[in-house]
Amino acid sequence: MIRPGEAVEVYLCREPVDMRRSIPGLSAFVEQRLGLDPFAKRLVVFCSRRRDKIKILYLERSGFVLWYKRLEKARFPWLGPEATESVVAMTGRELNWLLDGIDLFRVRPHEELRFDSVL
């Protein structure tokens, strides 16, 4: 299976989307509803209302690509009602976790520390 690399820019659409939409409908949704450039080098992830289907839209060199995954029994972990943003930025690594069923919105890694000096 082809998966995105860690450095890929990913945007997760929080709002459920009609999975009958294809490339023209989803790219218009990205531009009009999310206020993002559909021609930018990024992945935009959409989920169905039942959270059992995901579509990922991205632009490759010569055109759009639409990736689709349907779960047979499980549900994708998605943003809870406490999230207020219409779109959430994440990394390619986090998207892979989401595709594997890991609820990254509940599990938090150690805080990243930054130091100016060792002393």
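Every read-out reported here was derived from the displayed coordinates using simple, explicitly stated rules and does not represent laboratory data. In this text the structure is predicted, and so the values were computed from the model without any measurement. Note that we place each Cβ from the backbone using ideal geometry, even for glycine, and neighbour counts take in every protein chain shown.
Before moving on, here are some points about what is shown:
- Shape class for segment 42-82: oblate, because the ratio a/c of the largest to smallest gyration tensor axis (alpha-carbon atoms, square roots of eigenvalues) is 1.5 or more and b/c is at least a/b.
- Annotation note: GluC sites (Glu not before Pro) in segment 16-111 located in DSSP loop regions with a Cβ neighbour count of at most 12 within 10 Å are Glu72, Glu82, Glu85, Glu111.
- In degrees, nearest ten, helix 23-32 long axis to first principal axis of the chain (Cα): 60 degrees
- Rounded, prolate or oblate (a/c below 1.5 giving rounded, otherwise prolate when a/b exceeds b/c) for segment 1-64 by Cα gyration tensor: oblate
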